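Reviewing the structure listed below.
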Amino acid sequence: MIEFASLYSGSSGNALYIEYKDTKILIDAGVSGIKIEKALNHIEKEASDLTAIVITHEHSDHISGVGVMSRRYNLPIYINKGTWSETKGSIGKINEANVFYFKSNETFVLGDFNVHPFSIPHDATDPVGFNFIAKNKKITTATDIGHINSTIIKSIEGSNLLLLECNHDMDMLENGSYPYYLKKRIKSDYGHLCNDNTSETIFELIKKGQKHFLLGHLSNENNNPKLALQTVIEYLKNKGIDVTKDITIDVALRDAPSKLYYI
């Protein structure tokens, strides 16, 4: 049985956890080591038992705790070369023997998982989402996505659990305090998915038979869990989906761990 939890998911920091058999992986580490340790303890896991860290891209809300966690627990870091070139200067000294390179869009083996890093459109060097595959089950994490394309749909469809970005409400962003250049970046094809984009994507996946979703990477300033969930649910209801029967949708919180999901 695969175990999965969001430790932190949002614009202020990201860290996810996935486990199968003896393989226990931290996906990104964008908050302090202490916060990660506490969140792991909350779901009754220990940082000292981690197998490795895998990295999606080099933005600080995904890597700020990577160096600390790797040094403290002698953890291998799995990362593509483009992302490493932008990461290594900002996370402190790392034992070179603990840096392992994967290639985007090529599956690699990490312990008991087959891991497939798929390219995503975001304003980073070589950003990826991840499929984690074990025992004929597929768990997918896909955030920091400027737009949905056919390649992403192919990568995320068929997932037994999908954590998908639901970053901002368009009205909140447009009428909020962010400067123009930042609003433009977030709305761009290499920025972040809004609630409406996520709603449309989930509907397309439900039509293909997908059932279980987590909304992630919510903005603190331009979204909130209640609004994100309500937007998606209302969209699906208007499309004839019985959200109490056919599917499950939860929100991965910005500042607290989720429950453990067993797949």
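The numbers here are math on the coordinates, done by the rules we state, and not lab data. This one's a predicted model, so the numbers in the text were calculated from it and none came from an experiment. Neighbour counts are summed over all protein chains in view; Cβ atoms, including those assigned to glycine, are modelled from backbone coordinates with ideal geometry.
Laid out as a table, the results:
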{"item": "Region 3-262 - charge dipole about Cα centre, Lys and Arg +1 at Cβ, Asp and Glu -1, debye rounded to 20", "result": "320 debye"}
{"item": "Vicinal HN-Hα couplings computed from phi for region 131-142 (Karplus, 6.51 cos²θ - 1.76 cosθ + 1.60; Hz; Gly/Pro x)", "result": "9, 10, 10, 7, 6, 6, 10, 10, 10, 10, 10, 9"}
{"item": "For the chain, built as a Gaussian network whose Cα springs stay under 10 Å, the top-fluctuating residue of Asn197, Asn167, Asn41", "result": "Asn41"}
{"item": "Gained length - Lys137 relative to Ser90, 0.36 nm times residue gap less alpha-carbon distance", "result": "13.4 nm"}
{"item": "Greater than 24 Å apart at Cα, pairs in Lys24/Lys154; Lys135/Lys259; Lys21/Lys245; Lys81/Lys211; Lys137/Lys211; Lys93/Lys187", "result": "Lys24/Lys154; Lys21/Lys245; Lys81/Lys211; Lys93/Lys187"}
{"item": "Fluctuation leader among Glu96, Glu37, Glu58 - the chain, Gaussian network, Cα springs under 10 angstrom", "result": "Glu96"}
{"item": "Length-normalised contact order of the chain in % [C-alpha pairs under 8 Å, at least 6 apart]", "result": "20 percent"}
{"item": "Top positive-direction residue, dipole computed over region 3-262 with Cβ charges, set Ser155, His122, Val251", "result": "Ser155"}
{"item": "Principal-axis tilt of helix 33-42 within the chain, Cα atoms, nearest 10 degrees", "result": "70 degrees"}
{"item": "Region 3-262 - share of DSSP beta bridges that are antiparallel (%, nearest 5)", "result": "55 percent"}
{"item": "Among Ser159, Ser150, Ser177, residue whose mean-square fluctuation peaks in a GNM of the chain (springs only between Cα atoms under 10 Å)", "result": "Ser150"}
{"item": "Selection from Gly92, Ala39, Val68, by position along the positive dipole direction of region 19-105 (Cβ)", "result": "Gly92"}
{"item": "Relative packing of 243-249, 189-195, which averages over residues the other C-beta atoms within 10 Å, highest first", "result": "189-195, 243-249"}
{"item": "Fraction of antiparallel bridges per DSSP, region 125-263 only, in percent to nearest 5", "result": "30 percent"}
